[in-house]
Amino acid sequence: MPSFNVLIAAAFIHSTLISASNPTPTLSIVNSIDGDFLPVNITAYNIEQAAAVSRQLPSTNAGRLARGLKLLPPKRRSGGVPFKAALPRRSASTPVTLTGNIQVLDTNGISLGRVYQTPNMYNHFGVSNTAHPITFHFTLDPTAGSTSQLSIYADSTSYASTWPLMGAIDGVVNDGNDLKSGSYNFAYIQGTNATPAESGPASVSNSYPTQEPAESAIWNYNTVTQEITAQWVNSNGDKPATAISFVAGSDALVITGDYGSFSSSFSSTQLVRLMFVPA
């Protein structure tokens with residue numbers, strides 16, 4: 001059985017959508033003291049009937065005052081430019097940046113703690129109820145139900161200025177760089193530099209001592225449940241089902257493409273869920 005010395009952990013809003021409103025015209029009438037019914041909004045009223053009613057009304061303000069009716073609006077001078085009210089515009093959704101910690105739950109929804117940087121030489125992201133948790137941030141569209149290919153920044157690690165992103169780094173004992181069914185291959189969740197979204201494992205500087213290939217823009221965030229999930233991309237572009245696991249013996253969070261094979265090869269593992277906790 002391979003020894004498991006190194007592994008990691010990792011893991012919206014406000015914005016308002018303004019839409020132009022065009023309410024359906026409705027018939028509104030004014031009942032004067034003389035018993036007249038005058039359509040105020042004739043767009044929902046028979047035009048000929050409205051015109052007939054209008055013709056029966058005084059055409060001057062003096063006559064209208066004598067009958068207790070509203071005065072006519074002042075006439076515009078010739079050559080004047082009619083005023084046109086500006087319509088409300090649909091605004092683009094403003095991106096929102098969320099900051100907080102990541103809570104780790106077991107499959108029964110029980111909290112195991114929050115993600116923190118382990119003190120060991122491998123720079124893993126582990127899980128603790130007592131150690132100071134890592135502060136994370138990411139930016140998203142708050143109107144989207146879920147956001148994929150997110151880059152999540154780990155702001156408070158000791159190496160944040162060098163490897164600012166929470167990513168996934170190929171396991172040092174893997175038989176290749178891909179995660180797949182029938183394989184125990186895994187990737188450590190810990191600090192890395194950026195890799196392009198939708199791309200496979202890349203040779204990029206990261207926090208693992210032996211510099212294995214890594215990916216960074218692999219995170220999905222559900223704005224309703226606040227759950228963070230992962231989607232690894234293989235070398236050929238395939239996207240395997242990606243599970244997040246905690247290896248208690250190494251105090252490390254990892255992702256894998258086949259949890260059954262992974263747990264059969266390494267001890268003290270369990271499936272977990274990552275939940276964002278806004279600050």
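Of all residues in the stretch 113-153, those satisfying the criterion of being buried (at least 16 other Cβ atoms within 10 Å of the Cβ), under 20 Å from residue 242 (Cβ atoms) and not β-branched (Val, Ile, Thr) are 124, 125, 126, 136, 138, 140, 150, 151. Looking at this structure, is residue 245 in contact with a helix residue (DSSP H, G or I) (Cβ under 9 Å, 6 or more places away or on another chain) and on the phi > 0 side of the Ramachandran plot? Criteria not met by residue 245.
Quick note: the coordinates plus some simple rules give every number you see, no bench work behind them. Model, not experiment: these values are computed from the prediction. Here the Cβ is made from the backbone with ideal geometry for all residues, glycine too, and neighbour counts use every protein chain on show.
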